[in-house]
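Read-outs throughout are calculated quantities, based only on the coordinates presented, and are distinct from any laboratory measurement. Keep in mind that this is a model prediction, so the values were computed, not measured. Here Cβ is always computed from backbone atoms with ideal geometry, including for glycine, and neighbour counts include all displayed protein chains.
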Amino acid sequence: MDSYTFQLYSQILKIFWRIFLAILIILAAIVFFPYVKDVLVMFIIAGLLSVLLSPLVDSLESSGFKRGMAILLVMLLILALLAFSFWLIIPRIIHSVEALITKLQSNIISDFGQKVESFFEKHFHNPELARNVTARLDVIGLRLLGSLEGFLKSVGSFLASIVIIPVVTFFLIKDTRRFKKTLISMVPNQYFELSLNILHKTGNQITKYIQGQAIDALLVGILSIIGLFIINIVFSGSVPYFVLIGGLAGLANVIPYIGPIVGAIPALALAILNNPPQLPLVLLWIVILFIVVQAIDNALISPLVVSKSVNMHPLTVIIVIIIGGKIAGALGMLLAVPFTGVMKVILSQVSWGLRNYKISSSLKLRDTFSLR
Amino acid sequence: MENPIWGDSIFRKSKKKEDIFAVLKQVPIFADLSARELVEIEKIVHKRKYKKSEPIIRKGDPGLGMYIIVKGSVEIIDIDEKNSEKTLASLHDGSFFGDLALLDEAPRSASAIAMVDSEVIGFFRPDFLDLVYRKPKLGIKILLALAKIVGERLRRTNELLAQIQEEKK
């Protein structure tokens, strides 16, 4: 066996062991996933928070604060905001949600069913069709309530983790560079620059993507709340809980294509339930409001704040939302698109690295040249 | 003959010191930094060990940053299309290379190979840019020092070009 064949043989053996190890890791991940799901969700939330808060910390650091002190100040600010939210906003939102659930459970199916039945009887003279439609609506309504319950349970576990998440966030902001340095120190020399470059580029793009999505959601939420507030004033309380509904619309906006529609549905449904005197006009204004908010988002906000490198095909969005829902319920559906965005960034950067770095051979540079 | 571009004044030699802090002090880019500022640099650099004949950077790879030799010896080599190697410089303890990659991602113009088992410190553009954002005063000091080195190198290249043109006449 000459030296070249020997090196080739050892290369193949190395690749085989790496594939074997990768399969083992994937299998272990699948087996342990249900046990670590909650911890994982907690870390993802802490990760998101650290990405969102880092610019503020960096900015304080650049104006002369020590990093530890800067993080502490930002964390205190966030804690103050949280305390303020608990004291002022959260009870109102919880009250809104409770009132909404009670209203939904007591009225939605029967009231809405009766309305649909009378509508069909009046216009189509077909009570059978009306009963079929209401029966189907019953099923959809129950499913929606089930999803809402699941979502609230997720929120409950989030509230339970509220002590741990800030601690994890603190260390993620403080020691991210150290974690990266330790991680990269374990990479063999051959892949060192490639890994470092990919790690930085991926980190930058993911940060930009998450920050962009957060700003976008915040602005869409604020615009929706203002719009619904105006409709509420003009049509005298026709859209109750507009802060909650507007906030949900902002949150739903994270999901492209589907999000804006999902965001508008609660406002329309609540207006129908509330049944104000000029219902068709109110519905029309709500639809116009969400179209205008989307137009402003697409023309002004998104192009400025949301990274274009993670554009996704509508079909991809639908598939990942279904998968996200299967894995982690409503929270999974919400996180599915950002998670896929992150994966897309990682894959594109790895692909860029493999195309641009000459790492095809692990042989020493000089040996490589002498083999040519 | 001393290479005018890869010469000793650019890759300044220093005494053998294993301590990263001490080595950093010897590098012109960090020459004007205070002890406290050097500690900040020490936090973001990467210490690596290379075996004899192992490549540290390869010609054509995207530039990522500079390396400072802590211990050992590194050759900067250029390989042309016919695969013939040309040694541009032999560097030793305290010397540095790849500093232009701190400014942009242009492909490496030459390869660097460890001639003996070597220890190097890597200082990379993403960490540097992050430092410029977080600690602007420190970042400006390094950028100015880097500009001086690039300016000096450009001046010497111009002198060499003028000399060649003079010889042709």
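Taking interchain pairs and intrachain pairs at least six residues apart, which have beta carbon atoms under 7 angstrom, with the first residue in region A:220-247 and of a type outside the set (Gly, Ala, Ser) and the second surrounded by fewer than 22 Cβ atoms within 10 Å (Cβ to Cβ) and outside any helix (DSSP H, G or I)?
A:235/A:276; A:235/A:278
Here are A:330, A:336: which of them is under 21 Å from residue A:261 (Cα atoms), in contact (Cβ under 8 Å) with a residue 12 or more places away in the chain, touching a helix residue (DSSP H, G or I) at 6+ places or on another chain (Cβ under 6 Å) and surrounded by 21 or more Cβ atoms within 10 Å (Cβ to Cβ)?
Sole residue among the options that is under 21 Å from residue A:261 (Cα atoms), in contact (Cβ under 8 Å) with a residue 12 or more places away in the chain, touching a helix residue (DSSP H, G or I) at 6+ places or on another chain (Cβ under 6 Å) and surrounded by 21 or more Cβ atoms within 10 Å (Cβ to Cβ): A:336.
Residue by residue, here is whether (1) among the hydrophobic types (A, V, I, L, M, F, W, C); (2) within 14 Å of chain A (Cβ to nearest Cβ) holds:
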{"site": "B:103", "(1), (2)": "yes, no"}
{"site": "B:110", "(1), (2)": "yes, yes"}
{"site": "B:113", "(1), (2)": "yes, yes"}
{"site": "B:125", "(1), (2)": "no, yes"}
{"site": "B:131", "(1), (2)": "yes, yes"}
{"site": "B:137", "(1), (2)": "no, yes"}
{"site": "B:145", "(1), (2)": "yes, no"}
{"site": "B:148", "(1), (2)": "no, no"}
{"site": "B:157", "(1), (2)": "no, no"}
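Among what's in region B:154-169 and is within 24 Å of residue B:100 (Cβ to Cβ) and of a type in the set (Lys, Arg), pick the residue that is surrounded by the most Cβ atoms within 10 Å (Cβ to Cβ).
B:156
Every residue, every condition in (1) of a type in the set (S, T, N, Q); (2) crowded, with 19+ Cβ neighbours inside 10 Å; (3) in contact with a strand residue (DSSP E or B) (Cβ under 8 Å, 6 or more places away or on another chain); (4) assigned to a loop (DSSP other than H, G, I, E, B), yes or no:
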| site | (1), (2), (3), (4) |
| --- | --- |
| B:60 | no, no, yes, yes |
| B:68 | no, yes, yes, no |
| B:77 | no, yes, yes, no |
| B:83 | yes, no, no, yes |
| B:87 | yes, no, yes, no |
| B:90 | yes, no, yes, no |
| B:101 | no, yes, yes, no |
| B:105 | no, no, yes, yes |
| B:109 | yes, no, yes, yes |
